[in-house]
Amino acid sequence: MSAERKKRLAKLVVLQRRLKAFHEMRHSAHVAAAHAAEEEAHALIGRFDDPGSLSALFPEIYHARIAGAFARRDSSLAAADEEAQRVATATLRASKVEDAYRDVSRAVDEKAADRERLEIVERKLTGDR
């Protein structure tokens, strides 16, 4: 186990964490878009029966906009589900890389400690002669 591998794994840990954060951010954006589309649809439904609205003159436009808002909501929810799967995958990858980094780090540190002990023993042996 080399110190070079430890450095590479440390960089990979950072990369995996960033990738996970990226997918979490995209998931949140899709959920927010779905929520906004649903609110828009409900607002249009509420205005549809308003006596001052133009829904009596253009009902098909209102229905199309309401249907479009619900379609955007469904699309955003589907995209949010895909991102949730990507978040789970990224979490698993990050966990595995972190475990590998800890193992390599421990091995490198133990090797360095062993080397130090050997040097101390060698100094004592050569100093006693």
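Mind listing whichever residues of segment 81-110 are surrounded by 17 or more Cβ atoms within 10 Å (Cβ to Cβ) and of a type in the set (Gly, Ala, Ser)?
Listed by number, the residues that qualify are Ala90, Ala94.
Hey, can you tell me all the residues within segment 72-86 that are in contact (Cβ under 8 Å) with a residue 12 or more places away in the chain and aliphatic (A, V, I, L, M)?
Scanning segment 72-86 gives Leu77, Ala79, Ala80, Ala84.
Kindly indicate whether Glu60 is loosely packed, with under 13 Cβ neighbours inside 10 Å and closer than 22 Å to Val104 by Cα. Working first, answer last.
On the way: loosely packed, with under 13 Cβ neighbours inside 10 Å: yes; closer than 22 Å to Val104 by Cα: no.
Criteria not met by Glu60.
Considering only residues that are open to solvent by 90 Å² or more (accessible area, probe 1.4 Å) and part of a helix (DSSP H, G or I), which ones fall in segment 45-55? Don't jump to the end; show me each part of the working.
At the first step, the residues of segment 45-55 found to be open to solvent by 90 Å² or more (accessible area, probe 1.4 Å) are 47, 49, 51, 54.
Passing the criteria: Arg47, Leu54.
Is it fair to say Arg73 is among the basic types (Lys, Arg) and open to solvent by 90 Å² or more (accessible area, probe 1.4 Å)?
No: the conditions fail for Arg73.
Answer yes or no as to whether Ala78 is more than 30 Å from Ala21 (Cβ to Cβ), part of a helix (DSSP H, G or I) and open to solvent by less than 60 Å² (accessible area, probe 1.4 Å).
no
Considering only residues that are over 25 Å from Ala10 (Cα atoms) and assigned to a helix (DSSP H, G or I), which ones fall in segment 85-129?
Residues satisfying the conditions are Arg117, Leu118, Glu119, Ile120, Val121, Glu122, Arg123, Lys124, Leu125, Thr126, Gly127, Asp128.
Identify all residues within segment 55-68 that are under 17 Å from Glu40 (Cα atoms) and at pLDDT below 75; write none if there are none.
Ser55
Just for segment 1-44: of the residues that are touching a residue at least 40 places away in the same chain (Cβ under 8 Å) and closer than 21 Å to Ala64 by Cβ, which one is surrounded by the fewest Cβ atoms within 10 Å (Cβ to Cβ)?
My answer is Ala33.
Starting from segment 87-104, take each residue that is in contact (Cβ under 8 Å) with a residue 24 or more places away in the chain and list its partners that are among the acidic types (Asp, Glu) and surrounded by 16 or more Cβ atoms within 10 Å (Cβ to Cβ), counting only C-beta distances under 9 angstrom and pairs at least six apart or across chains.
Val87/Glu24; Ala90/Glu24
The values are calculated or read from the model by the stated rules, or taken from the named source; none is laboratory data. Keep in mind that this is a model prediction, so the values were computed, not measured. A quick note on method: Cβ atoms are made from the backbone with ideal geometry, for glycine too, and the neighbour counts reach across all protein chains shown. To get the accessible areas, we keep the full protein, side chains included, count just its heavy atoms, and leave off ligands, DNA and RNA. Shrake-Rupley method; radii C 1.70, N 1.55, O 1.52, S 1.80 Å.
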